[in-house]
Amino acid sequence: MSAAEVPSHLLMEALDWVQQGRAEDALELVESLAEGRNGAQVAGYEELLRARLMEEYRERLPDAARLRRKLEGSELLSFNLPAGAGFLISMLDGETPVSDLVALSGMDPFDARRNLNRLIGAGIVELVS
Amino acid sequence: MSRVIGIDLGTTNSCVAVLENGQPTVIPNAGGYKTTPSMFAITPDGKRLVGHLAKRQAITNSKHTIFASKRLIGRRFDAPEVQRSIDLCPYDIVRGPNDDPRIEIGGKAFTCPEIGATILREMKRVAEEYLGEPVQEAVITVPAYFNDTQRQSTKDAGKIAGLDVLRIVNEPTAAAIAYGFNKQSEERIAVFDLGGGTFDISILEMSDGVIEVLATAGDTFLGGEDFDRRIVQYLLDQFQQQESIDLRGDAMALQRLKDAAEKAKCDLSGREQVEVNLPFIASDPDGPRHLSIQLDRQTLESLVSEVVNATLKTAEQCVRDSGLEAGDVEQVILVGGQTRMPLVQQAVADFFGKRAHKGVNPDEVVAVGAAIQAESLTSEEDSVLLLDVTPLSLGIATFGGHFAQLIERNTTVPVRKGHIFTTTRENQSAVKIRVLQGESDVAAENDLLGEFVLTGIRPANKGEPEIDVSFDIDANGIVSVSARDLATGKEQSITVNATGTLSDEEIQQIIEDQELYEVALKEGVE
């Protein structure tokens, strides 16, 4: 096996995870496989997973949904968040719809929605009912 | 009859007001704010944003977010202000077919009146939502130093926005109207207007409902943004010292810093110290980095003292132009959010030897004045009489490339003035009249407002024919020029439509394009 080749059993595993409803984990696996490689196969898997996850994110977090911070101060600071997530948190006002937040962030729409979903999952952000 | 609104179309923020039951009301937008950022943006997915939404993404989408387009309106592409904007602005400014500056965003080149119209349309919409009825007529304010082309372009913007612009009023005059509303005082007042992106100062005289601008001066590249920029710079330096991370290339961090700097600046007008907290501003292999910096009023004042001193130099010039002493000014009106800063208020008080009038809201006073003027133009009662001045000298180019002034700067308008000129060649049958605006004796150094040719001059020796050239400036500051051969009675005249303004066909085309966009938007939504 050359250094740039992707182990096929790992790709199979990623597919299994998708079947089990673990598309997020599958994407992370494929992203880690893609590092340092230019394989069209990996890129294809990655694109497929991103499209699938985008649909999931949209279902979980519709365009019209509104978000607000659930945690503040030291509770918030205890998390190990990337700067992109910090930026999105700074934009939450409980009024701006998710579609506008994504557009306003200037981030890649997939990355913005992924961050928002993760922030909800971590209990940092919540939907305004 | 539909209501008439007053709009302060600002460089940084805009505001709309209306008279209700004889009292001025400033109309809040859907977000509850009484001012709306004069910003327009197109997102990567083609969405058009105006106002606060455009501002929130201004740094992360800087190439496609237009701000301060008022600095460009009615100017030629080669004008120094346009060239300076090209250096300063992240969006692309290109030369238009009329030699005017156009702004390219989202794959389209927008004219400056078109951008102005986007903001005006938003203000019209805000007013219509509040009033619950369509609005068709407006009074719009412009800086007192705006020349004829800039005023005409602003009127064009109103037309594109679907507004009949009843009057273009100078901003300081509008502020004075608001100050003098229901007062019968005789006073000399100074209007010190430090907005987000520009600074203007005017000296006015008020008596028995007559308001006369005695002098005006300003700087189109000095305002609250200069204060913000210095604070952001300070925060960047402090953070770099603390964390060894330079955030200058990070658009998301800069967006947060800009917002935080503006907020800290406002808070420090009422408090001695604030803490700027921006969690997760950056991250590195060791984990997230948070920005937490104390900023006190003294530090802020030392950061911006140079900018404040620059405003006072301009104020000195204006007072000199008015023929008065600073101490002759009886009342000082502060306009623009930046005048809330204690350092600015103190500097103004020291300069004029008196504290500024406290009875007006600096963010709203210009729109309120415009609304009062709008009402008086449409009501049957006696209207406030405005006597504005022309901010720049007007004249024509003469032999040898000289500039012959017919109307001096700071002459009260409306005004009509004429002068007899003659030919420079034997049997000259035609003369070209080049109408200029500016202060230089050299014709080429002034702004060309327009040109026309007077033909049919009777054959004669040079210097014999008498050609009467007359200038008319109406209450909006719009210029008309006529030239008449006194021997033959032949006459040519123009309402100056300078190079750079839009033709009626172009305006119509822009209106149609906008309607198409709105239809497409509606179909996309439904």
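Rule-based calculations on the coordinates, nothing more; no lab input. Quick caveat: nothing in here was measured; it's all calculated off a predicted structure. Ideal geometry is used to build each Cβ from the backbone, glycine not excepted, and the neighbour counts take in all protein chains shown.
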With only helices counted (DSSP H, runs n ≥ 4, each -39500 (n - 2.57)), the per-residue ellipticity at 222 nm for chain B, to the nearest 500, works out to -10500 deg cm²/dmol
Once normalised by the length of region B:68-199, the mean sequence separation of its alpha carbon contacts under 8 Å that are 6 or more apart gives a contact order in percent of 21
Length gained if B:ALA109 through B:GLU330 is fully extended, taking 0.36 nm per residue and subtracting the Cα-Cα distance, is 74.8 nm
Mean Cβ-within-10 Å packing, highest first, puts peptides B:99-110, B:295-306 in the order B:99-110, B:295-306
Of the listed links B:LYS34/B:LYS108; B:LYS70/B:LYS183; B:LYS63/B:LYS258; B:LYS462/B:LYS490; B:LYS34/B:LYS263, those spanning more than 21 angstrom between alpha carbons are B:LYS34/B:LYS108; B:LYS70/B:LYS183
Shielding of B:153-165 by other chains, given as the mean Cβ count within 10 Å, works out to 0
One can check that the equivalent ellipsoid of the protein assembly as shown, built from the alpha-carbon gyration tensor with semi-axes equal to the square roots of five times its eigenvalues, has lengths in Å, largest first, of 53, 30, 24
For region B:292-382 the mean separation of alpha carbon contacts under 8 Å (6+ apart) over residue count, i.e. relative contact order in percent, is 25
Once phi for every residue in region B:457-473 is put through the Karplus expression 6.51 cos²θ - 1.76 cosθ + 1.60 (θ = phi - 60°), the whole-Hz ³J(HN,Hα) values, with Gly and Pro written as x, are 6, 5, x, 6, 5, 4, x, 8, x, 10, 10, 8, 9, 10, 10, 10, 10
Over all viewing directions the Cα convex hull of region B:321-436 casts an average projected area in nm² of 12.2
Per its Cα gyration tensor (rounded if a/c is under 1.5, else prolate when a/b beats b/c, else oblate), region B:54-175 is best filed as oblate
Answer in debye to the nearest 20: the dipole magnitude of region A:67-127 about its Cα centre, from +1 Lys/Arg and -1 Asp/Glu charges placed on Cβ, is 180
Karplus ³J(HN,Hα) for region B:435-443 (6.51 cos²θ - 1.76 cosθ + 1.60, θ = phi - 60°; Hz, whole; x = Gly/Pro) runs 8, 10, 9, x, 10, 7, 6, 8, 3
Here the residues of region B:267-299 lying in the modelled label zone of A:SER74, meaning backbone nitrogen under 19 Å from a point 7 Å along Cα-to-Cβ, are B:277-280, B:288-293
Here region B:123-276 gives, from Cα atoms, an Rg and Dmax in Å of 20.7, 63
Whole-Å distance linking the alpha carbon centroid of region B:228-266 with that of region A:43-119 is 23
Each label sits 7 Å from Cα toward the beta-carbon; between B:ASP78 and B:THR488 the label points are separated, in nm, by 3.2
Length-normalised contact order of chain B, Cα under 8 Å, at least 6 apart, in percent, tallies to 15
Karplus-derived 3J(HN,Hα) from phi for region A:51-60 (6.51 cos²θ - 1.76 cosθ + 1.60, θ = phi - 60°), whole Hz, x at Gly and Pro, runs 5, 5, 5, 4, 4, 4, 4, 5, 5, 5
Given backbone amide H placed at 1.01 Å from N, residues whose amide H is under 5 Å from that of B:GLU137, ignoring those fewer than 5 places away on the same chain, are B:ILE5, B:ASP164
Checked region B:224-302 with the C-alpha gyration tensor, a ≥ b ≥ c its square-rooted eigenvalues, rounded below a/c of 1.5, otherwise prolate if a/b is larger than b/c and oblate if not; verdict prolate
The distance between the Cα centres of region B:69-107 and region B:157-224, in whole Å, is 26
Averaged over residues of B:166-176, the number of beta carbons from other chains lying within 10 Å of each residue's Cβ is 0
